[in-house]
Structure formats: structure tokens, C-alpha cells
Amino acid sequence: MLLSVFTKQLPVIGALITSASCHGFVQFIVANGKNYTGWDPGFRFQNPPPSIPGWTADNPDIGFVSPESFANPDIICHKAATPGQAYVDVTAGSTLTLQWFTWPDSHKGPIIDYLADCGTAGCAEAKKESLKFVKIAQASWKSGNDWASDDLIRNQFKWQVKIPATLKSGHYVLRHEIIALHGASNVDGAQAYPQCINLHVTGAGSKSISGGVPATKFYKENDPGILFNIYGEITSYPVPGPSSIWTGS
Ligand SMILES: [Cu+2]
């Protein structure tokens, strides 16, 4: 079933892809056995855009947010993003799958997931500048020149995110991001590919997220994990962003 939807949606973006700019985006989200649509950059040309959990973004080139914009609201949920008007239903403690539409193997780097609480009003009217995110997962350098992004490619471009089991029910934004480091040995050479997805979390959890920060405070262009040479011999990688992971325990 996934394949048929996948094929049907190819033309939306197909005309825009050139081999030189073929990065990727989250095309589907699978949660509690259901399929949801992510933001396809080609949706920009639909008026109005479809009502989906994925936040809109002005990225018809399937492009990235540059470190020059890391203090700018574009880093929050990609360029000129506006909230998705629907949401993904997911049970706390379960794992959702993010299905990327391709990813180039040259674009090595970390994959990081964040959550922000939208409050009782839900996320469709959220002010992105007010969202306070906690990091819930991060994967990065593994060994040699093997990175989390290589795991994504090996797993047919699927990435799994576990929603903390104790998270209290409510409306949240999942901020999912790959930071590509192929040009990151130069200042402003890293490429952030953030995507936001609205979640409606259900379950018996009671923990509110705490200690979150606005995404405009995550990264600086000279952070050691942003200005980083992936082509030398790597012995460790300092994952950028908040140093602690919110587990809900
Ligand atoms: Cu690229």
C-alpha cells in the first residue's frame, strides 16, 4: 500500500528534482498502523496546500537551512514554515516511522528528534517562535565514515522515533532533522534539513516536557558539531544542540 501512494505522489515533485539538488524530505509518517502525509516541497504549488500533519515550508528546491540562518525562525521548521493543519495520532511509548523520499549518501551527518508542547490549543495555530523543544533522540557518527544518515539509507529511508512512554497526552510538534556535513569543514557549510510534524499523543503518561528551548537557540555556526570535517580520521563527534536528552523518566 505504501508503494502505491508513493508512486502516485511522485509527479508532485518529480518535475522539480534535478540530479544536482536531490536531497530529500519526509514523505510519509506511519503511526499506530496508519499512514500520514508529510510536507512534499511540491505542495507549495497547490493552493490551498493539503491539510496534513506536516508543516508547510517554502523549499521547492528540497533545500536546506544554512548556519547563517540558525538564529532565524527558518531553522525552526524549515524556510517560512507554517503549522500543519492535521495531526498524527500516536500512543505514548510507541514508535513512529518517518519515511524519507530519498537521501543522498554524500550527505552524511546526525539525525536528531525534538518535541515541543503546543498546549491545549493544539498545534495548528502554534507560534513557532514560542515553541520550546527538548531533544528526545539523537544518532550521529558510528565508526569510520559511517553515520546515522547511512543507517537511514540502509533502512530504505525509514527512520524510527520512539515517543517517551511517560509523556502526558496532548498536542506536540515533532521536529525531525538531518544535518548534512559534507561541506561542514567550511564555516556555513553545514546543511540543516528540519521537518515538523504535528502529533496528538494519547496514553496514560503524566510527564510534561520541561527545560525546552526555542529552536533558534539550538546551534551556532561555529559549534564543534556544525563546523566539522567528516573527511579526516574521526574519533568522536559532538552532536550539536541541547546536551541532554529528555526521556520522561
Ligand atoms: Cu544536498
Does region 5-23 include one or more residues that are part of a loop (DSSP other than H, G, I, E, B), in contact with a strand residue (DSSP E or B) (Cβ under 7 Å, 6 or more places away or on another chain) and at pLDDT below 95? yes
Being more than 21 Å from Ile226 (Cβ to Cβ) and either without any contact (Cβ under 8 Å) to a residue 12 or more places away in the chain or aromatic (Phe, Trp, Tyr) (or both) is the filter here; which residues of region 55-72 pass it? Trp55
Would it be correct to say that Asp58 is of a type in the set (Asp, Glu), buried (at least 16 other Cβ atoms within 10 Å of the Cβ), farther than 22 Å from Ser149 by Cα and under 17 Å from the mean Cα position of the chain (by Cα)? no
Ile75 versus (1) more than 15 Å from Ile209 (Cα to Cα); (2) at pLDDT 95 or above; (3) surrounded by fewer than 22 Cβ atoms within 10 Å (Cβ to Cβ): which is the lone unmet condition? (3)
Inspect region 229-247 for any residue being outside any loop (DSSP other than H, G, I, E, B) and modelled with pLDDT of 95 or more and give the result as yes or no. no
Inspect region 117-127 for any residue being surrounded by fewer than 21 Cβ atoms within 10 Å (Cβ to Cβ) and of a type in the set (Lys, Arg) and give the result as yes or no. yes
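Conditions tested, residue by residue: (1) surrounded by 13 or more Cβ atoms within 10 Å (Cβ to Cβ); (2) within 16 Å of the ligand (Cβ to nearest atom); (3) assigned to a loop (DSSP other than H, G, I, E, B).
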residue: Asp105; (1), (2), (3): no, yes, yes
residue: Glu129; (1), (2), (3): no, no, no
residue: Lys135; (1), (2), (3): yes, no, no
residue: Asp150; (1), (2), (3): yes, yes, no
Which numbered condition Pro49 fails, given (1) away from the ligand (no atom under 15 Å from the Cβ); (2) surrounded by fewer than 16 Cβ atoms within 10 Å (Cβ to Cβ); (3) at pLDDT below 95; (4) not polar (S, T, N, Q): (2)
Residue by residue through region 92-103, note down the ones that are hydroxyl-bearing (Ser, Thr, Tyr) and within 14 Å of the ligand (Cβ to nearest atom). Thr102
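Taking Phe70 as the residue in question, decide whether it is within 16 Å of the ligand (Cβ to nearest atom) and not acidic (Asp, Glu).
No, not satisfied.
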Any residue at all in region 189-202 that is assigned to a loop (DSSP other than H, G, I, E, B), surrounded by 14 or more Cβ atoms within 10 Å (Cβ to Cβ) and within 16 Å of the ligand (Cβ to nearest atom)? yes
What pairs can you find where one residue is in region 161-182 and among the polar types (S, T, N, Q), the other is within 16 Å of the ligand (Cβ to nearest atom), and their Cβ atoms are less than 6 Å apart, with a gap of 6+ or different chains? none
State whether one or more residues within region 211-220 are part of a loop (DSSP other than H, G, I, E, B), away from the ligand (no atom under 16 Å from the Cβ) and buried (at least 24 other Cβ atoms within 10 Å of the Cβ). yes
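Could you run through region 158-183 and say how many residues are assigned to a loop (DSSP other than H, G, I, E, B) and within 15 Å of the ligand (Cβ to nearest atom)?
3
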Which numbered condition Ile245 fails, given (1) in contact with a strand residue (DSSP E or B) (Cβ under 6 Å, 6 or more places away or on another chain); (2) within 13 Å of Tyr114 (Cβ to Cβ); (3) crowded, with 18+ Cβ neighbours inside 10 Å: (3)
Could we say that Gln195 is among the polar types (S, T, N, Q) and farther than 26 Å from Val88 by Cα here? no
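The values are calculated or read from the model by the stated rules, or taken from the named source; none is laboratory data. Since this is a predicted model, take the numbers as computed values, not measurements. Glycine gets a Cβ as well: all are built from the backbone with ideal geometry, and neighbour counts include every protein chain shown.
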